[in-house]
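The values are calculated or read from the model by the stated rules, or taken from the named source; none is laboratory data. Just so we're clear, the structure is a prediction, and the values are computed from it rather than from any experiment. Here Cβ is always computed from backbone atoms with ideal geometry, including for glycine, and neighbour counts include all displayed protein chains. Please note that ligands, DNA and RNA were not included when accessible areas were found on the heavy atoms of the full protein model with its side chains. Shrake-Rupley method; radii C 1.70, N 1.55, O 1.52, S 1.80 Å.
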Amino acid sequence: MAGEKQQFNIYLPAELVRRVKHASVDANVSLSAFVEQALESYLRELGEGEQR
């Protein structure tokens, strides 16, 4: 997960945001790192792990 970081805003249900925040605390990683890891994992499962 190398490279330049870029910020973007998304809108999610409040309950999902709460769950993700708690999960990142439980995993002892920042919220950004947690979401990045989750998205990378999901894209790998879809076979889309290669950067374009």
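Here are the numbers for this structure:
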| quantity | calculated |
| --- | --- |
| Per-region count, region 20-52, residues at pLDDT below 95 and either assigned to a loop (DSSP other than H, G, I, E, B) or in contact with a Phe, Trp or Tyr (Cβ under 9 Å, 6 or more places away or on another chain) (or both) | 7 |
| Answer residue from region 31-46, given it is among the small types (Gly, Ala, Ser) and within 17 Å of Ile10 (Cα to Cα) and is most open to solvent (accessible area, probe 1.4 Å) among those | Ser32 |
| Search result, residues across region 1-19 that are aliphatic (A, V, I, L, M), loosely packed, with under 10 Cβ neighbours inside 10 Å and part of a helix (DSSP H, G or I) | Ala14, Leu16 |
